[in-house]
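Worksheet for the structure shown next.
Just so it is clear, none of the values below were taken in a lab; they were calculated from the coordinates. Here the structure is a predicted model, which means the values were calculated and not measured. Please note: Cβ atoms are built from the backbone with ideal geometry, for glycine as well, and neighbour counts cover all protein chains shown.
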Amino acid sequence: MRKAWLVAKATYRRRVRSTLFLLFTFGIPCLMVIVGTVVILAQTGGALPQIGYVDQTGRLAAVESVTVEDETLRPTLYTDIGAARQAFRDGDIVGYLVVPEDYFEGGEPLFYGERNPNARLQSAMTTLMRQGMLPDAPAWILNRLEDPSNITYVARETGERVAQGPGLIIRVATPAFLAMVFIFSVFTSANQMGSAVVREKEQRAMEMVITSISPRQLVTGKVLGMTLLSLTQVGVWLLGAVIGIGLVLFGTFQMQDLSIPWSALLWGALLGIPGYFLYATLGTGLGVIAGDKQQARQLAGMLGFLGMGPLYFMGLIINNLGGPLGVGLTLFPLTAPTITLFRMTLSQVPTWQLGASLSIILLSLAASVWFVARIFRAAMLIYGQALQPREILRALRQA
Amino acid sequence: MNESMHAVEVRDVSKAYATVQAVDDLSFTVDRGEIFGLLGPNGAGKTTTIRMMLDIIKPSAGEIGVLGGPMTEEKKSRIGYLPEERGLYDDMTVLDTLLFLGQLKGLSSATARERAETYLREVELWEARDRKIEALSQGMNQKAQFVAGTMHEPELLIIDEPFSGLDPVNTRIIKNLLLHMRDRGTAIIMSTHQMQRVEELCERILLIDHGRRVLYGPLEEIREQFVANAVEVDLDGELEEVAGVRRLSPRNGGYRMTLEEGVQPETVLQVLVGMPEVTVQRFERVQRSLDDIFVQVVGHEVENAEEEVA
């Protein structure tokens, strides 16, 4: 195991310092933060602009001012659309809201402006409508009307509480996000492993290394090193995501509303870590079989395609979470980590299925390490050529 | 199998692929403390033989003993190997590469660092220790590979074309290191096409062709077998013809004499001594180079080679 660990350390250190890895690992969160910041600033930035409004119903009370997040909007009431349009053309206002005559029968208000109103202006216009309809209502009623039925759902069996709003969104989105990260990282990992093995074959370092260490130790070390590397990458991305989401949601909801599906996350990790090793081992095997990097990438792409299986059938699976397709994909080692996360978030998964899924992944991992180690010896002596099926069979026979 | 004598014992080994008999009933031994030349033309089966010794591939038949028995994982740390088509990790520094490969051979981190420094200084690469492998010249790369294969001070070193890409200065450095290792008791199997290096370094050789053993034994004895039927003579006086000599060729103030079939050099010497008009100053049998022997034995350009010797 010491030698496998040495290989893992060397693999990790070689790659973690590479420019490509650093760019990819830190570049993606940075890019997401930049894009998110731009979007948030566009939605919330700047003071509330001057707008006008026209009440064609004749039933709204005049509103002198509306306060949103410590900013005050003083809308100008116009008697007809023509006057509002002229003020807009003269540049007195940046836009005007028209409340149609049939508003109380279901008609929708219209906003005319140079650009779409940002989130704060939208909020200000909603408050304006409420104040216009209930001019004499006390502040506590108006405040409550902003969010009259934020329901918290309590699960009968577990007592788990899930509140509507950002908390619920986070609860549902977390497994989906983790599943996407898993798929993305295993796809990257399988690709990188394949290319790395092809590169080692090209560098002709294998034959020297293989006389110091057994193929099984070498494969284990490589997979371990690459997995640690990917966990580092995923860790940075998750940390970035948590910080980013935290910043966006800071102050908008109470922490007690945040409901994290710990059970789903625990099983996601239990299945995801060996599942990740499995993908990395298979990626190594594809690199062993491939003749060049391009071929390795193509084969890794096919493997990644398999990993995305749950996404293709998501519609069918959600309609029948415990159905044959859902159960089948839970027991299939390449899709088990992602599908289990989804299923556990949305419903209960029987314990026997979780146990069977974990056992199948572990058995598949052991079998794939054995298989890759066997063909490794045969393939490393062949430079620039793909391993043919008969050579694979011969390597397995000689084992 | 005697562990104290033979570092390697190959007995009746064959290796067949689908349509090719790569190695055919091959037997030889390599002793501790000797440099053994494993020779043969391209495709003769040398690399296959080496890979079988190292248990990279399995023989179809026969037995191979390495360091006193079958190859095991434990023995990998006692063996050094430099394959012909070798390379190191381009994106690692020289020192990191050596520390990694040294530790894979069972050295502790501290010992690997100590040995890496010692050997890098010996091959004059210490100043380049922090350079990436990809930034090294071919000769420097070769030396780094040599250190990588030997820094764990193996009991058996198998080395394929150790001098390719080296200038005379670096060739001498590597030669001295090999001799030093041999004197320390390391068994060295050297495969090369540079016959001059074999003549300089090897005590015994094995020449294989088409997977079969064609020459095997001490180098001096093999050269005796292939001595040319010719002599070189320095003398005072002129010669036009000599009894028992088929061809007389002036050369560097003397003569090269190709003898008739069945005529011994001693007979010609007696004839020359008996000639009053000449005084013999030097009389020497023509030794054939290993290069000539190689060419003759493996059957390529034999006639040309004989003409050259004659």
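For a quick check, take a GNM of chain B with Cα springs below 10 Å and name the residue from B:E161, B:E200, B:E117 with the largest mean-square fluctuation.
Most flexible of the set in this elastic network: B:E200.
Starting from the Cα of B:E203, move 7 Å in the Cα-to-Cβ direction to define the label point; list residues of the range B:166-188 whose amide nitrogen is under 18 Å from there.
B:176-188
Relative contact order of chain A: what whole-number percent is it, with Cα pairs under 8 angstrom and at least 6 residues apart?
19 percent
Once the Cβ-Cβ distance between A:A62 and A:S149 is put in as r, and R0 is 25 Å, what FRET efficiency do you end up with, to the nearest 0.05?
Taking R0 as 25 Å, the efficiency between A:A62 and A:S149 is 0.25.
Would you please classify the overall shape of the range A:273-321 from the alpha carbon gyration tensor, given that a ≥ b ≥ c denote the square roots of the eigenvalues, rounded means a/c under 1.5, and beyond that prolate means a/b larger than b/c while oblate covers the rest?
Verdict is oblate for the range A:273-321.
Can you tell me the length gained on complete extension of the stretch A:L142 to A:V33, counting 0.36 nm per residue apart and subtracting the Cα distance?
Result: 35.7 nm gained on full extension.
Tell me, what HN-Hα J-couplings in whole Hz come from the Karplus equation 6.51 cos²θ - 1.76 cosθ + 1.60 at θ = phi - 60° for each residue of the range A:358-374, using x for Gly and Pro?
Couplings: 4, 4, 5, 5, 5, 5, 5, 5, 4, 5, 6, 4, 4, 5, 5, 4, 5 Hz.
Can you compute the modelled spin-label distance between A:L238 and B:Q21, with each label point 7 Å from Cα toward Cβ, in nm?
6.1 nm
Length gain on complete extension for the stretch A:L22 to A:W5, per 0.36 nm per residue less the alpha carbon to alpha carbon distance?
3.8 nm
Assign one of three labels to the range B:1-95, namely rounded, prolate or oblate, based on the Cα gyration tensor with a ≥ b ≥ c the square roots of its eigenvalues; rounded applies when a/c is under 1.5, prolate when it is not and a/b is larger than b/c, and oblate otherwise.
It is oblate, given that a/c is not under 1.5 and a/b is not larger than b/c.
If amide hydrogens are placed 1.01 Å from N in the peptide plane, which non-local residues have theirs closer than 5 Å to the one on B:D31?
Distant-sequence amide H within range of B:D31: B:A7.
Under a crude label model (7 Å from the Cα following the beta-carbon direction), how far is A:V181 from B:E114 in nanometres?
4.6 nm
Taking the DSSP beta bridges in chain A as the whole, what percent of them are antiparallel, to the nearest 5?
The antiparallel proportion sits near 60 percent.
Post the alpha-carbon centroid distance, the range A:292-338 to the range B:201-268, in whole angstrom.
So the separation of the two Cα centres works out to 76 Å.
Pick from B:G211, B:G262, B:G254: which is most flexible by mean-square fluctuation in a GNM of chain B where alpha carbon atoms under 10 Å apart are linked?
Among B:G211, B:G262, B:G254, the largest GNM mean-square fluctuation belongs to B:G262.
For chain B, take the convex hull of the Cα atoms, compute a quarter of its surface area, and give me that in nm², please.
Reported value for the Cα convex hull: 19.7 nm².
So for the range A:34-110: antiparallel DSSP bridges make up what percent, rounded to the nearest 5?
Beta bridges within the range A:34-110, antiparallel portion: roughly 35 percent.
Within the range A:1-105, report the GluC sites (Glu not before Pro) that DSSP leaves as loop and that have at most 13 other Cβ atoms within 10 Å.
When the GluC sites (Glu not before Pro) of the range A:1-105 are filtered for loop state and at most 13 Cβ neighbours within 10 Å, A:E64, A:E69, A:E101 remain.
Which ³J(HN,Hα) values in Hz, rounded to whole numbers, follow from the phi angles of the range B:182-187 under the Karplus curve 6.51 cos²θ - 1.76 cosθ + 1.60, where θ = phi - 60° and Gly and Pro get x?
4, 4, 7, x, 6, 7
Which one of B:N141, B:N252, B:N170 has the biggest mean-square fluctuation once chain B is modelled by GNM with Cα springs under 10 Å?
In this elastic network of chain B, the residue with the biggest mean-square fluctuation among B:N141, B:N252, B:N170 is B:N252.
Using alpha-carbon positions, what is the distance between the centroids of the range B:79-123 and the range B:1-51, in Å?
27 Å
Skipping prolines and chain starts, which residues have an amide H placed within reach, meaning under 5 Å, of the one on A:T76, given they are 5 or more residues away or on another chain?
A:I51, A:G52, A:Y53
Taking a point 7 angstrom from the Cα of B:S164 along the C-beta vector, which residues in the range B:20-50 have backbone N less than 18 Å away?
Under cut-off, by backbone N: B:37-50.
What is the protein assembly as shown by shape, rounded, prolate or oblate, if you read a ≥ b ≥ c off the alpha carbon gyration tensor as root eigenvalues and call it rounded for a/c under 1.5, prolate for a/b larger than b/c, and oblate otherwise?
It comes out prolate by the Cα gyration axes.
For A:A366 and A:N116, what is the calculated FRET efficiency with R₀ set at 56 Å and r taken between the beta-carbons, to the nearest 0.05?
Given R0 = 56 Å and the Cβ-Cβ separation, E is 0.50.
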